[in-house]
1. Looking at segment 1-54 only, could you name the residues that are aromatic (Phe, Trp, Tyr), open to solvent by 50 Å² or more (accessible area, probe 1.4 Å) and either more than 16 Å from residue 67 (Cα to Cα) or part of a strand (DSSP E or B) (or both)?
2. Is it the case that segment 13-21 has a residue that's in contact (Cβ under 8 Å) with a residue 12 or more places away in the chain and of a type in the set (Gly, Ala, Ser)?
Amino acid sequence: MNAIYISELAQQYFPRSNTRSAVTQLRRWVQLNTELQNRLEELHYHKSQRSLTPLQHAAFIKYLGDPGE
């Protein structure tokens, strides 16, 4: 699994939104999900990151579900 850009992941979760809006919505979801916040903190995620490590990406999928489903 390669690193993925936050904007790409956001577009997968919110395909009908423009990129900026999708990223804003994804960040809102993170704020509302304490378990995901805690896991991302453990993985040294910072909200200013533009890309995710494979482990950070896996955390999004685990706590928010697969965007393709």
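The values are calculated or read from the model by the stated rules, or taken from the named source; none is laboratory data. Since the structure is predicted, the reported quantities are computational estimates derived from the model, not experimental observations. Because the Cβ atoms are built from the backbone with ideal geometry, glycine has one as well, and the counts that use them run over all protein chains shown. Ligands, DNA and RNA are stripped out before the accessible areas are found, and what is left, the full protein with its side chains, is counted by its heavy atoms. Shrake-Rupley method; radii C 1.70, N 1.55, O 1.52, S 1.80 Å.
1. Hit for segment 1-54 is 5, nothing else.
2. No, segment 13-21 has no match at all.
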